[in-house]
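The next block holds one structure in the form of structure tokens; read it before the comments.
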Amino acid sequence: MTNFPVINTSPLIFLTKGGYLKLLKVLNEVIIVPKAVADEIMAYGEEDITYQQLKQNSWLQITPIENIPSIIQNWDLGQGESEVLAYSYLNQRPECIIDDLAGRRCAIALKIPVRGTLGIVLLAKQKGEISKAKPIIQELRKTGMYLSDAVISKALSLVGE
């Protein structure tokens with residue numbers, strides 16, 4: 001298997017609803033979407049924008065995950081988070097894009113690289129793909145992404161804003 005990053009449901013939804021899905025390409029030209037994550041999105045129906053983007057963008061590769069190691073099952077995470085982490089754990093540990101705190105803690109415990117939606121925006125700023133992170137973060141908050149003011153301030157200071 002190739003070392004493509006793998007994404008969970010909430011970052012995919014937030015970036016799509018905010019109009020920033022293409023920021024994922026700062027990580028790689030291909031992003032793995034585990035089948036459980038795709039199924040969660042498909043459940044919203046064809047009218048949902050994230051559903052539409054998942055269907056339209058071939059660089060978002062829906063991938064079945066056949067085996068979830070017991071070391072991940074023991075964390076009692078949702079199916080999407082479990083499949084994201086299983087994919088990474090079983091495939092040379094590519095980066096996981098997860099916002100869920102328990103999922104992030106599991107990744108850290110298993111030494112799997114992890115980044116959240118906010119981290120994608122910061123990386124895009126660092127790589128010069130966007131000129132300012134703050135307006136994008138504000139827009140993502142409007143889509144329902146929760147970040148405290150303190151976290152945002154610290155994050156923005158990391159990219160000189």
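The values are calculated or read from the model by the stated rules, or taken from the named source; none is laboratory data. Bear in mind that the values here come from a model prediction, so they are computed numbers and not experimental data. For neighbour counting, all protein chains shown are included, and Cβ atoms are generated from backbone atoms with ideal geometry for every residue, glycine included. What goes into the accessible areas is simple: the full protein's heavy atoms, side chains included, and nothing from ligands, DNA or RNA. Shrake-Rupley method; radii C 1.70, N 1.55, O 1.52, S 1.80 Å.
Numerical summary
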read-out	value
Contact order relative to length of the range 74-161, as percent, for alpha carbon pairs under 8 angstrom and 6 or more apart	20
Accessible area per residue, Å², the chain with all protein chains present, probe 1.4 Å	51
Spin-label pair Ile62/Ile108, simplified geometry with 7 Å Cα→Cβ offset, distance in nm	3.3
Square roots of 5 times each gyration tensor eigenvalue, C-alpha, the range 1-115, largest first, Å	22, 15, 13
Global geometry of the range 8-70, whether rounded, prolate or oblate, following the gyration tensor of its Cα atoms and the 1.5 cut on a/c	oblate
Accessible-area composition of the range 111-155, carbon plus sulfur, in percent [1.4 Å probe]	51
Residues Leu101 and Asp48, FRET efficiency given R0 of 22 Å [Cβ-Cβ distance, rounded to 0.05]	0.30
Förster radius 41 Å - calculated FRET efficiency between Ser131 and Ser70 (Cβ-Cβ, nearest 0.05)	0.35
List Met145, Met42, ordered by accessible area with a 1.4 Å probe, largest first	Met42, Met145
The range 1-78 - percent of accessible surface contributed by carbon and sulfur, probe 1.4 Å	47
Extended-chain gain in nm, criterion 0.36 nm per residue less alpha-carbon gap, Lys25 and Gln138	38.6 nm
Whole-Å distance, taken between Cα centres, linking the range 111-151 and the range 40-90	21
Heavy atoms of Trp75 accessible to a 1.4 Å probe, total area in Å² rounded to 10	100
Under 26 Å, Cα to Cα: Lys pairs in the range 52-161, sequence gap 8 or more or different chains	14
Magnitude of the charge dipole, the range 35-161, Cβ model with Lys/Arg +1 and Asp/Glu -1, debye to 20	680
Estimated 222 nm signal from helices in the chain, with DSSP H stretches of n ≥ 4 weighted -39500 (n - 2.57), rounded to 500	-13500 deg cm²/dmol
